[in-house]
Amino acid sequence: MGFTLPRSRFLILGGKAMKGYRKYFGKKILWFVITFIVALLLNFILPRLMPGDPVAAVTAKQAQGLSEASAVKAIYDNYAREFGTNKPMTEQFVTYMTNLFHGDMGTSFSQYPRKVSDIIGNAIGWTISLQLPAILIGWLLGNLLGALAAYIRKGFDKVLMPLTLFFSSIPAFGMAVILLVVFAINLKVAPISGGYGFDMIPNLSWNFVLSVIQHYQLPFWSIVIISIGGQAVGMRSMSIYELNADYVKYARFLGIKDRKIVGYVFRNAMLPQVTGLALSLGTMVGGALVAEIIFSYPGLGTTMYQGITMADYPLISGTTLIITVMVLIATFVLDIVYGFIDPRVKAAQFD
Amino acid sequence: MKNTIRQVFHSPKFVVGFCIFMAILLTMLIYPFINPGNPLKMIGLGTFAKPGTYVSLYDSVTTETSIFKLPDADAKRLDKFLSSEDRVSMVNWFTAVGIDISTLDITDTNALLSLWKANYDPALKPKGMTKAQRNYYNRLNDSLNAASTSDTLTVTEVDASSGETVEKAKIGVNDYVNVGNVANVKTLPLGTDNFGRDTLKELVAACGTSIEIGMIAGAVATIIGLLLGLLAGYLGGMVDDLIMFLTNIFTVIPSFVLLILINYSINQDQRGATTVALVIGLTSWVWTARSVRSQVISLRNRDHVNLSRLSGHSLPRIILTDILPYIASYVMMAFILQVSSGILAEAQLSLLGLGPKTTEVPTLGLMMNWAMLYSAHLNGSWWAYFPVIMVIAFISFSLNLMNTGLDQVFNPTLRD
C-alpha cells in the first residue's frame, strides 16, 4: 500500500505534464499553421498589390526587340493565361492554392520548359546541407566563445570581443568575397565557384564526393565566421548577466564548486540564446543566401538570383515561398526544442 | 538628461564607436570639397584602372625637362621592361639550345641580358621549337635591342595640310619632368571602377547614400515599432492581441523574403534610394514593437503613471511625459541597430539586383553589385570591392559598438 501513493501521484503528474506539453505544442502548431497561411497569402498578394500590370512588365522584358504587335500580344496572352491574371482575384487564389497543393509552382520562364518545383527540388538540398550545419556550428562556437569571454574576462575578453564584434559586422557576402579571394584565388587551396567540379556529373563516386567537400569549405566557413560573432556577443552579455545574479552569489556563499555553478549559469544563459537563434534565423538565412551567389553555389540563393536577373517571375515566387517555409519549419522545431529544455515552459502550463 | 549623456560618454565602447562613426561622417562631409564633382562621372575609358597617380603623357612631352644622370636608371628601366614571362622564356631558349644556365639568377637583369646578347642567334633553329615560337624570340630580341640602344625618342606630329610628319620633340633617356609642372596629373587613391569612375569619390558618395538609406529605414521602422509597441503595451486588450498577432507573424516570416517580393514588384525605374529605404523600414519594425511593448507593460502600472491617469491627463500626455522618457534609451538603441541592419539590407538587395536604380546615386550595395558583375574579385581589382566591404563593416561595427556601450550604461547588470 505504501508504494501506491507516490506511484499514482507520479502518474497523475506525468499525465499533467503531458497535458501541459500538449497545450504548449498545440499552441505552437496553431501559430505555425496561421503564419504559414499568412505567408502564402503574402506571397500571392504582394506582387499583385503593386500598381501596374506584372504580366505587361514580364512581356515587355521578354518581347524586347520584337516589333510585330501580334507576336507581343501572343506572348502577353500566353503569360496572362499562365498566371491567370485575366481572371478575378478570388479565382486566381483558388487556382494558386490548388496548384500549390499538387506541388505545382508553375513553369520557369528562363529554363523553359522546366517546372519551378523541379528546379527548386534540385537546389534545396544544397542550401539545407550548407546552411543548417553552418548556422548550428556557428551558433555553438559563438556561444562557447561568448561564455569563455564572460568567464575569463580580462585580456581574453578585451581583445577578443571587439575583434568578434568587428567580424560579425562584416556582411556575409563580404566575408564570402574575402575568403574567395584569399583562399581560392591567391592561395589556390579551394575551388572558385560551384557546388562540384564543372566537369562532373553528380553521382556517388569518391571523386565527386571529394569535389563536393572541397567546394563546400569556403561557403561553409564564411557563414560560420559571420554567425560566430553575433552569437558570441549575445552569449557574453547573457552570461555576465547570469554570473551577477543572486542565485550565483548564494551558491558561492553555500560553497558549491565553481565548476558546478558555471554549469548552471551557462545553462540559464543558453536559453535566451535558443530564442535568439529562432528570432534571428530569417536574417541569417537571408545573408547566407546572398553569400551563395558569390560562390555560384547551386542552392536556393543562386537560383533566386538567376530568377531575378532573368525576370523569371514563377521561379522567384517559388523560391521565396520555399525559403519562408524552411524558416518557418526551423523556427517551429526550435520552439519545440525550447519547450523541452526550459523548465519554466513546463511549469507555466500547470498554472 | 545632461547626466545621462555624460554617463554615456564615459563608456569606452560607446566613445570608440561614436568616434569611428563621426570620422566616417566627417570624411563624407569634407571629401566632396577636396574633390568636387559628380561622383558618377565616368572619367576613364576602360575598366578598373589601378590605384595610383596618373601623369598625362601628352602634357609631359611639352613640359620643361631637367636632366638627371641616375646610376641605376638603365637597370630599373630594363627591370620594368622585362616581364617575368619574358625572363622565363629567355631561360627556356637557353635550355633549348643547350647553354649552361646553372649559375644564372633569373632576377639579375644585367647577367641575363649579357648572356642573351652573347648567345642569341636568330638563325638558330632549336629542336622542337615551332616557327611561331622562333618569331616570338625574334620580336623579343628586337625589342630588347631597341630598349637598350636608343638614347632618344622622337615625338612627331602629322601636319594636317601636307600630311608630312613633323618633329615635335626629342625625349632623351636622361630627361625628367617635375610632376608638379605637368598640366594634368590625376591621383586616384582607389583607381577606377568598371565604368571608369573615380572609386574613392564614388565610395564617399555611396557611403553617404547608404547611411541616408539606413537612417530613413531606421526612422520609419522605429516610428512604426514605437507606435505599435506603445499602443499594444499601454492599451492592452484587443488592440494588444491584434498587434501582437501581427508582430508574431512578421517575426517568423523573414523580412528578407518580403523585401525581395516587394522590391521585385516595384519597377526598376521607380525604385529610388528613398523608396528602397522606406520598404526596408516597413519590413523591419517588428523588433522595436516587441521590445517597446514589453517595456511599456512593465511601466503601465507604476505609481507615477497611475497618478497621472487619476489626475485626468490625456493619453498623449501620459505617453509623452510618463512613458516615453523611460523607454527613450531602448528606442535609441533599437534605432541604432535598425540603421545598421538597414544599410546591410540595402547592400544585400542590391547584390541580388533589387537595389535602387543605378543611374542616380551610388550606394555601397550597388558598388558591390557592379564590382561582382564585372568579376572584380576574379581579376584582382581589389580596390573595387574591398574598400566597400570594409566601409560597410566599419559603419555597422561602429553602430554595434555604440549599441553595446549604451546597453552597458542602461543595464547596470551588464557592466564590466
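Worth pointing out:
- Of the criteria (1) among the polar types (S, T, N, Q); (2) closer than 19 Å to A:Ile185 by Cα; (3) surrounded by fewer than 22 Cβ atoms within 10 Å (Cβ to Cβ), which one B:Ser381 fails: (3)
- Filtered residue count, region B:377-394, keeping only those that are facing chain A (nearest Cβ under 9 Å) and either more than 12 Å from the chain's Cα centre (by Cα) or at pLDDT below 90 (or both): 3
- When region A:78-102 is filtered for residues that are charged (D, E, K, R) and modelled with pLDDT under 80, the ones remaining, listed by number, are A:Arg81, A:Glu82, A:Lys87.
- Boolean, B:Met367 is under 15 Å from the mean Cα position of the chain (by Cα), within 11 Å of chain A (Cβ to nearest Cβ) and not β-branched (Val, Ile, Thr): no
- Sole exception among (1) at the interface with chain B (Cβ under 10 Å from one of its Cβ atoms); (2) in contact with a Pro (Cβ under 9 Å, 6 or more places away or on another chain); (3) in contact (Cβ under 8 Å) with a residue 24 or more places away in the chain for A:Gly299, by number: (1)
- Exactly one residue out of B:Val305, B:Val276 is in a helix (DSSP H, G or I), farther than 30 Å from B:Phe21 by Cα and either in contact with a helix residue (DSSP H, G or I) (Cβ under 9 Å, 6 or more places away or on another chain) or not assigned by TED's automatic domain parsing to the domain that holds B:Thr404 (or both), and it is B:Val305.
- Single match in A:Gly194, A:Gly282 (criterion: more than 9 Å from every other protein chain (Cβ to nearest Cβ), over 20 Å from A:Tyr151 (Cβ atoms), touching a helix residue (DSSP H, G or I) at 6+ places or on another chain (Cβ under 8 Å) and of a type outside the set (Val, Ile, Thr)): A:Gly194
- Taking region B:271-288 as the range and being among the aromatic types (Phe, Trp, Tyr) and either away from every other protein chain (no Cβ under 11 Å) or buried (at least 23 other Cβ atoms within 10 Å of the Cβ) (or both) as the test, only B:Trp285 passes.
- Failed item, numbered, when A:Met105 is tested on (1) assigned to a helix (DSSP H, G or I); (2) among the hydrophobic types (A, V, I, L, M, F, W, C); (3) at pLDDT 80 or above; (4) surrounded by 14 or more Cβ atoms within 10 Å (Cβ to Cβ): (1)
- When residues of region B:323-379 are limited to those that are among the hydroxyl-bearing types (Ser, Thr, Tyr) and in a helix (DSSP H, G or I), the one farthest from B:Leu406 (Cα to Cα): B:Ser350
- All of B:Ile249, B:Ile297, B:Ile253, B:Ile266 fail the test of being buried (at least 16 other Cβ atoms within 10 Å of the Cβ), in contact (Cβ under 8 Å) with a residue 12 or more places away in the chain and within 44 Å of the chain's Cα centre (by Cα), apart from B:Ile266.
- Any hit, region B:262-270, residues being facing chain A (nearest Cβ under 8 Å), part of a helix (DSSP H, G or I), aromatic (Phe, Trp, Tyr) and closer than 26 Å to A:Leu328 by Cα: yes
- Condition broken by A:Gly26, with the remaining ones in (1) away from chain B (no Cβ under 14 Å); (2) at pLDDT 70 or above; (3) farther than 22 Å from B:Thr247 by Cα satisfied: (3)
Yes/no per residue for (1) among the polar types (S, T, N, Q); (2) free of Cβ contacts under 8 Å to residues at least 24 places away in the same chain:
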{"position": "A:Arg236", "(1), (2)": "no, no"}
{"position": "A:Ala245", "(1), (2)": "no, yes"}
{"position": "A:Val248", "(1), (2)": "no, yes"}
{"position": "A:Ile256", "(1), (2)": "no, yes"}
{"position": "A:Val262", "(1), (2)": "no, no"}
{"position": "A:Asn268", "(1), (2)": "yes, no"}
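- Residue under evaluation B:Thr358, criteria (1) modelled with pLDDT under 90; (2) within 18 Å of A:Ile293 (Cβ to Cβ); (3) at the interface with chain A (Cβ under 10 Å from one of its Cβ atoms), criterion not met: (3)
- Scope region B:43-62; condition among the charged types (D, E, K, R) and assigned to a loop (DSSP other than H, G, I, E, B); matching residues: B:Lys50
- Top-ranked residue of region A:39-50 - restricted to ones that are crowded, with 17+ Cβ neighbours inside 10 Å and either closer than 15 Å to B:Pro254 by Cα or polar (S, T, N, Q) (or both), ranked as farthest from the other protein chains (Cβ to nearest Cβ): A:Leu40
- A:Val189 meets all of the listed conditions (1) more than 19 Å from A:Glu292 (Cβ to Cβ); (2) more than 13 Å from chain B (Cβ to nearest Cβ); (3) in a helix (DSSP H, G or I) but one, namely (3).
- Being within 9 Å of another protein chain (Cβ to nearest Cβ), outside any loop (DSSP other than H, G, I, E, B) and either hydroxyl-bearing (Ser, Thr, Tyr) or more than 22 Å from the chain's Cα centre (by Cα) (or both) is a condition met by no residue of region A:212-220.
- When every residue of region A:302-310 is checked against the conditions, at least one turns out to be more than 10 Å from chain B (Cβ to nearest Cβ) and more than 17 Å from B:Asn263 (Cα to Cα).
- Verdict on B:Leu242 being more than 9 Å from every other protein chain (Cβ to nearest Cβ), surrounded by fewer than 22 Cβ atoms within 10 Å (Cβ to Cβ) and under 19 Å from A:Val38 (Cβ atoms): yes
The values are calculated or read from the model by the stated rules, or taken from the named source; none is laboratory data. What you see is a predicted model, and the numbers here were worked out from it, not measured in a lab. Methodologically, a virtual Cβ is constructed for each residue, glycine included, from the backbone with ideal geometry; neighbour enumeration extends over all protein chains shown.
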